[in-house]
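Before any comments, here is the structure.
The values are calculated or read from the model by the stated rules, or taken from the named source; none is laboratory data. Here the structure is a predicted model, which means the values were calculated and not measured. Glycine also receives a Cβ, built like all others from the backbone with ideal geometry; neighbour counts cover every protein chain displayed. Ligands, DNA and RNA are stripped out before the accessible areas are found, and what is left, the full protein with its side chains, is counted by its heavy atoms. Shrake-Rupley method; radii C 1.70, N 1.55, O 1.52, S 1.80 Å.
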Amino acid sequence: MATGRTHRPATRSRGIPEATVARLPLYLRALTALSERSVPTVSSEELAAAAGVNSAKLRKDFSYLGSYGTRGVGYDVEYLVYQISRELGLTQDWPVVIVGIGNLGAALANYGGFASRGFRVAALIDADPAMAGKQVAGIAVQHSDGLEKIISENGVSIGVITTPPGVAQQVCDRLVAAGITSILNFAPTVLSVPDGVDVRKVDLSIELQILAFHEQRKAVEEAAASDAAAPAPAGHDASTDQGPDGDVPAVMPA
């Protein structure tokens, strides 16, 4: 099996838009679920609903892959799984290094979904000398002093940063200098990288803040709807709320 350091996905060379690339994993997740249920074919409408997009957008996305389905039959599930996996580079082995083995780093190391999706946790690195040698998910944690050597020996091209924000940029710089060209950043800070290095940021607190905004808006809308539906007090004459011109309340003389 090829390793990540010598092969890269062909998405950019084939001119697939970034928005389409971002949706491919959604399609793959839905297709994998169908495959596990031994579903042979799926319509664009069914797959779009499972992936949370509209069917026209799905068909446009698949046209970039050269996959148009069969009228009256739909798409072949197994072939689409292979086609999208190949386009995303998941038909080859991608060694990953996780830097920062605190609670989040350890949780990611223990996540069982990486291997089934083409990613292998090749090394765990931490700056704390007390962590060196400890087993996490069956992998011995190594000290950050050997970061460059570890990356070279394991042929790593993807780095995951789960460090505190104050040291994330320094870790990023070392990863890039060691040859890492793709970084998944969980640290709550913005990283600066040179051209040719891709960074994806995951900030759970931001996602929670967005959800809080929507919850607040729903609460306000529900309160407004409740007020509008409430009956007027008994004996209240709404006409007395208007002024002589019928637009604003009249001001009574003192």
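Of all lysines in the structure, those lying under 29 Å Cα to Cα from Lys149, and not within fewer than 8 positions of it along the same chain, are Lys134, Lys201.
I need the per residue convex hull volume for the chain, using only the alpha carbons, in cubic angstrom as a whole number.
Working: hull volume 74.2 nm³, N = 254.
About 292 Å³ per residue, rounded to a whole number.
Taking each DSSP H run with n ≥ 4 as -39500 (n - 2.57) and averaging over every residue of the chain yields -13000 deg cm²/dmol at 222 nm.
Working from label points 7 Å from Cα in the Cα-to-Cβ sense, the Glu222 to Glu148 distance is 5.7 nm. Please determine, in degrees from 0 to 90 and to the nearest 10, the orientation of helix 165-177 with respect to the longest principal axis defined by the Cα atoms of the chain, where the helix direction is its Cα long axis. Once rounded, the angle reads 40 degrees. For the stretch 94-205, the convex hull drawn through the C-alpha positions has a volume of 99 cubic angstrom per residue.
Counting DSSP beta bridges with both partners in the chain, what percentage is antiparallel, nearest 5? Looking only at bridges with both residues in the chain, the antiparallel portion is about 20 percent. Round to the nearest 10 and give me the degree value, 0 to 90, for the angle of helix 204-229's Cα axis relative to the longest principal axis of the chain. With rounding to tens, the tilt is 20 degrees. In loop segments of the stretch 41-94 as defined by DSSP, the trypsin sites (Lys or Arg not before Pro) with at most 11 further C-beta atoms inside 10 Å of their C-beta are Arg71.
Which one of Leu26, Leu124, Leu108 has the biggest mean-square fluctuation once the chain is modelled by GNM with Cα springs under 10 Å? Maximum fluctuation in the GNM of the chain, among the listed residues, is at Leu26. The figure for Phe114 is an accessible area of roughly 60 square angstrom, using a 1.4 Å probe on the protein chains alone.
Length gained on full extension, Ala115 to Tyr79: 10.9 nm, using 0.36 nm per residue less the C-alpha separation. If both residues of a DSSP beta bridge must be in the stretch 94-205, then about 10% of such bridges are antiparallel.
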